[in-house]
Each structure stands twice: as structure tokens, then as C-alpha cells.
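The values are calculated or read from the model by the stated rules, or taken from the named source; none is laboratory data. All values reported here derive from a predicted model rather than from experimental measurement. Every residue, glycine as well, gets a Cβ built from its backbone with ideal geometry; the counts of neighbours run over all protein chains shown.
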Amino acid sequence: DAGVTQSPTHLIKTRGQQVTLRCSPKSGHDTVSWYQQALGQGPQFIFQYYEEEERQRGNFPDRFSGHQFPNYSSELNVNALLLGDSALYLCASSPELRSSSGANVLTFGAGSRLTVL
Amino acid sequence: KQEVTQIPAALSVPEGENLVLNCSFTDSAIYNLQWFRQDPGKGLTSLLLIQSSQREQTSGRLNASLDKSSGRSTLYIAASQPGDSATYLCAVKEGNTPLVFGKGTRLSVIA
């Protein structure tokens, strides 16, 4: 059973460029969340997609955008890259929360390491 | 706003020692708390999840406890091994809000 897969694993961009990161969720999961993890920090929530719509968003500028496809896979796009965007970008999937118990568990991918020069 | 703090930031122990990692959170109204392991440059692996109604969870040499009223959790690792060397992250969940993570504790187990 494949877990969450992310591509590319590593990439280098220069300031001002645009980047697209991709994520395929775990089989049976329909909700995808994206996190940014700077060096030495905990992951910070960017946004979450469900039913092809952005459902929640963290404190990130509009340069960060995303998309979810009918097969539940997702993309994270970052425009006008800044040096501070260098980080590990983590994708996590989960089944849709169908109760208020909060018991759904996220499954994380290995991440995409972005370096902005 | 929920904040999660992990102490210590880094820890180095000789192989075989038992150790405790600490996590504290500011808002006790959580649904669950989760401990993750992260190897350098890698993604997160879930170790233990404790529901708000539970006091502890165990998996092999790992035991996690939760004291929701005081806003604290501990991760106990028994008989540490060099393979346990990694960063350990604590994260809490409130309702439908996203997971809130601490900065992690970087553990080194020396052979």
C-alpha cells in the first residue's frame, strides 16, 4: 500500500521564479494538507484541500496557492520565490473527518526540499 | 492561539539510557496529541497518538502520557539505541483546526 508520495524530492530555484510541488495521497484518503518546515522549526500549516476546494488556510501570502484534482492528488504552487521560501514542504493526507472526535490521523509524505538562491 | 513548546531542544545520551522528552501546550481544549519522529531531511513518521480522553499510549519501547488539564505530554523512550537518533515532534489538534507542532527535540544516542 503506497503511502503519500511527493515530487520532486529536491529542487533548486532562483528568486522570482515559480515552483510547483506535487502530492499523491494515501489510498483511501481524500483530504490533503500542505505544511512548510523551515530548518530547525516545526511544520507550519499552509492550507488544506477537500473536494477540490481550499477548506482551510494558514498564515501564508497569496503567492502560495494550490489545487486538488478529482483523483485527490494535489499541487502546491509558489510564485515570486523569496530566499525565505527555502524549506521542506510536506504533504499530508487523511480521510475526511466525519465526526467531531478529531480522531483522523494524518499520513505524511517524505517532503520536497526547496532551495531558493 | 495554541502554542506548543518542546524541551529540551536537543539531547545527547549514551546507549541504553531511559529518557523523557517533554511537550507543553497552552490551550488544554485539544482533541488529541501526536508524537512524530523525523529523520534528517525526511518526512514525519507517526509514533503515538493520544486521544483527549486517554492518559497514555504505548508502542514497544515508547510510552507517551497526556495530562490535558496541565497542558503537558511526555514521551518516554526505554533502553535507548543509536537507531533512535532523530528529531521528535509533538503536535496537538483542536477540533477541525490544523495540527500545531512544536519545534522538536533533536535526540542523539551515542553508542
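Conditions tested, residue by residue: (1) free of Cβ contacts under 8 Å to residues at least 12 places away in the same chain; (2) among the hydroxyl-bearing types (Ser, Thr, Tyr).
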{"site": "B:SER28", "(1), (2)": "no, yes"}
{"site": "B:GLN34", "(1), (2)": "no, no"}
{"site": "B:ARG37", "(1), (2)": "no, no"}
{"site": "B:GLY60", "(1), (2)": "yes, no"}
{"site": "B:LYS68", "(1), (2)": "no, no"}
{"site": "B:TYR76", "(1), (2)": "no, yes"}
{"site": "B:LEU89", "(1), (2)": "no, no"}
{"site": "B:ASN96", "(1), (2)": "yes, no"}
{"site": "B:LEU99", "(1), (2)": "no, no"}
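Does B:LEU19 fit the bill of being buried (at least 19 other Cβ atoms within 10 Å of the Cβ) and not acidic (Asp, Glu)?
Details: buried (at least 19 other Cβ atoms within 10 Å of the Cβ): no; not acidic (Asp, Glu): yes.
No.
For the range B:36-109, which strands (runs of 3 or more DSSP E) that fit wholly inside it have 1 or more residues that are hydrophobic (A, V, I, L, M, F, W, C)? Before the answer, list the steps.
Working: elements: B:44-51, B:56-59, B:62-67, B:72-77, B:86-93.
Answer list for the range B:36-109: B:44-51, B:62-67, B:72-77, B:86-93.
Residue-by-condition table, conditions (1) more than 11 Å from chain A (Cβ to nearest Cβ); (2) closer than 19 Å to B:VAL100 by Cα; (3) touching a Lys or Arg at 6+ places or on another chain (Cβ under 7 Å):
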| site | (1), (2), (3) |
| --- | --- |
| B:VAL13 | yes, no, no |
| B:PHE25 | yes, yes, no |
| B:SER46 | no, yes, no |
| B:GLU56 | yes, no, no |
| B:SER65 | yes, yes, yes |
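Taking every residue in the range A:87-113 that is farther than 16 Å from A:GLY3 by Cα and modelled with pLDDT of 90 or more and pairing it with any residue that is among the hydrophobic types (A, V, I, L, M, F, W, C) and in a loop (DSSP other than H, G, I, E, B), at least 6 positions away or on another chain, the pairs with Cβ-Cβ distances below 9 Å are A:ALA87/A:ALA38; A:ALA87/A:LEU39; A:LEU88/A:ALA38; A:LEU88/A:LEU39.
Considered as a group, the residues in the range A:3-31 that are of a type in the set (A, V, I, L, M) and touching a Pro at 6+ places or on another chain (Cβ under 8 Å) include one that is surrounded by the fewest Cβ atoms within 10 Å (Cβ to Cβ), and that residue is A:LEU21. When every residue of the range A:78-86 is checked against the conditions, none turns out to be modelled with pLDDT under 95, over 28 Å from B:THR5 (Cα atoms) and more than 14 Å from the chain's Cα centre (by Cα). Considering (1) under 23 Å from B:THR5 (Cα atoms); (2) surrounded by fewer than 20 Cβ atoms within 10 Å (Cβ to Cβ); (3) at the interface with chain B (Cβ under 8 Å from one of its Cβ atoms); (4) in contact with a Phe, Trp or Tyr (Cβ under 7 Å, 6 or more places away or on another chain), the lone condition that A:GLN56 does not fulfil carries the number (1). Only residues that are free of Cβ contacts under 8 Å to residues at least 12 places away in the same chain and among the basic types (Lys, Arg) were counted across the range A:56-83, and they come to 1.
Restricting attention to the range A:69-85, does a residue exist that is within 12 Å of chain B (Cβ to nearest Cβ) and among the aromatic types (Phe, Trp, Tyr)? Even if it seems obvious, please write down each step before you answer.
Start the filter on the range A:69-85 by keeping residues that are within 12 Å of chain B (Cβ to nearest Cβ), which leaves none.
No: the range A:69-85 contains no residue that is within 12 Å of chain B (Cβ to nearest Cβ) and among the aromatic types (Phe, Trp, Tyr).
List the number of the failed condition for A:TRP34; all other conditions in (1) more than 18 Å from B:LYS42 (Cα to Cα); (2) of a type in the set (Phe, Trp, Tyr); (3) crowded, with 21+ Cβ neighbours inside 10 Å hold. Every listed condition holds for A:TRP34 apart from (1). If the condition is being more than 22 Å from B:VAL4 (Cβ to Cβ), out of contact with any Asp or Glu (no Cβ under 6 Å at 6 or more places or on another chain) and either of a type in the set (Asp, Glu) or not in a loop (DSSP other than H, G, I, E, B) (or both), then the range A:14-39 contributes A:VAL19, A:LEU21, A:CYS23, A:SER24, A:VAL32.
Kindly check whether there is at least one residue in the range B:86-94 that is surrounded by fewer than 17 Cβ atoms within 10 Å (Cβ to Cβ) and within 18 Å of B:SER28 (Cα to Cα).
Step one: of the range B:86-94, the residues surrounded by fewer than 17 Cβ atoms within 10 Å (Cβ to Cβ) are none.
No, there is no match, as no residue in the range B:86-94 is surrounded by fewer than 17 Cβ atoms within 10 Å (Cβ to Cβ) and within 18 Å of B:SER28 (Cα to Cα).
Taking the stated definitions as given, is B:GLN2 within 11 Å of chain A (Cβ to nearest Cβ), surrounded by 14 or more Cβ atoms within 10 Å (Cβ to Cβ), under 28 Å from A:TRP34 (Cα atoms) and in contact (Cβ under 8 Å) with a residue 24 or more places away in the chain? No.
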